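Here is the structure we will look at, set down as structure tokens.
Read-outs throughout are calculated quantities, based only on the coordinates presented, and are distinct from any laboratory measurement. Just so it is clear, the structure is predicted and the values come from calculations on it, not from any experiment. Cβ sites come from the backbone with ideal geometry, for glycine too, and all protein chains shown count toward neighbours.
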Amino acid sequence: MVTKAPALSDGPIISVKGLTRTFNDFLALRGIDIDIGAGEKVAVLGPNGAGKTTLLKVLSSAITSSSGEVTIRSTRLKDKDPEVRRYIGVVSHQTFLYQELTAYENFTFYCRMYDVSDREERIREIIDRIGMMPRLHDRVSNLSRGMQQRLSIGRALLHRPEILLLDEPDTGLDWHALSSLWDIINREDGINRTILFTTHNLSRACTLSNRVVIMNKGKIVHDIAGSGLDAGNIEEIYSRLTGGIE
């Protein structure tokens, strides 16, 4: 039985109804229903194969759903995918960075793609915020995994998206680096950013979010917000519903 989070008073910025996704004969998502309000920070937990990454890929329009409906900012995803993508920033296991280009060249490319008007100012603002100014003109291939992850997060922020979809953003980052980047993600002036992120770290999920969703076998099996976000409580629920912590 799924425990529902409190109802959203201002309406959802992301609305998912009856979402399924099949790969050949494997049903990766089995009827996902979830509404996410503007400004919510939602952690998605679940064992490997639970459907977390698949859910984020559908929401980002990287892959299509098999059935169901996704609405972003009142726009049905399949109707106006290019328009919807402008509201979304994505960080995934792929950095989406061109390895033979420098950090600056990569950011210039993405600024043009998203038609960012103040390119030079925005590039230097983001590079400075993620602490990569000394490596601005280094090729991405010469940077460590942690540095590339910083650039990947910076790339996702360039066009000032209202929604961030982060698939295990802590990969290659220590807790201090992740905390610093989380502060950067959240402090952009004038943007009440909605964040949906996957993680295997229950403690970080409770620390960085105001809502936790647990997935297992392609379904949402628990959804809790507010006072229920206690790491010990979440660990007990997670173990009971998924069979244990990896």
Review point. Which order do peptides 235-241, 195-201 fall in by mean Cβ count within 10 Å, highest first?
Key: 195-201, 235-241
Practice item. Could you name the aspartates and glutamates whose alpha carbon sits less than 17 Å from that of residue 217, not counting residues in the same chain fewer than 8 places away? Key: 25, 33, 246
Review point. What is the calculated FRET efficiency for residue 241 to residue 113, with r their C-beta to C-beta distance and R₀ = 45 Å, to the nearest 0.05?
Key: 0.65
Point to revise | D_trans [Stokes-Einstein, Kirkwood Rh over alpha-carbon pairs] for segment 46-173, 20 °C, 1.002 mPa s, µm² s⁻¹ | key: 138
Practice item. Past 18 Å, Cα to Cα, is the threshold; run 57/78; 17/41; 17/78 against it and keep the listed order. Key: 17/41
Revision key, fill the gap. Simple SL model, points at 7 angstrom along Cα→Cβ for residue 175 and residue 24; separation in nm is 4.1
Check your understanding: Sorting 70, 44 on the 10 Å Cβ count, fewest up front, what's the list?
Key -> 70, 44
Point to revise | Computed helical MRE - 222 nm, the chain, DSSP H runs ≥ 4 contributing -39500 (n - 2.57), nearest 500 | key: -9500 deg cm²/dmol
Point to revise | Of 178, 56, 45, the one that fluctuates the most in a GNM where the chain has Cα springs shorter than 10 Å | key: 178
Review point. For segment 98-160, what is the Kirkwood hydrodynamic radius in Å, using each pair of distinct C-alpha atoms?
Key: 11.3
Exercise for review: Write down, largest first, the equivalent ellipsoid semi-axes of the chain in whole Å, where each equals the square root of 5 times an eigenvalue of the alpha-carbon gyration tensor.
Suggested key: 30, 20, 17
Check your understanding: Once you charge only the Cβ atoms, +1 for Lys and Arg and -1 for Asp and Glu, what is the size of the charge dipole of the chain about its Cα centre, to the nearest 20 debye?
Key -> 440
Practice item. Counting only C-alpha contacts under 8 Å and six or more residues apart, can you give the relative contact order of the chain as a whole percent? Key: 29
Check your understanding: When the chain is modelled as a GNM with alpha-carbon springs shorter than 10 Å, which of 74, 61, 92 fluctuates the most?
Key -> 74
Exercise for review: Would you give the gap between the C-alpha center of segment 65-101 and the C-alpha center of segment 110-144, rounded to a whole Å?
Suggested key: 21
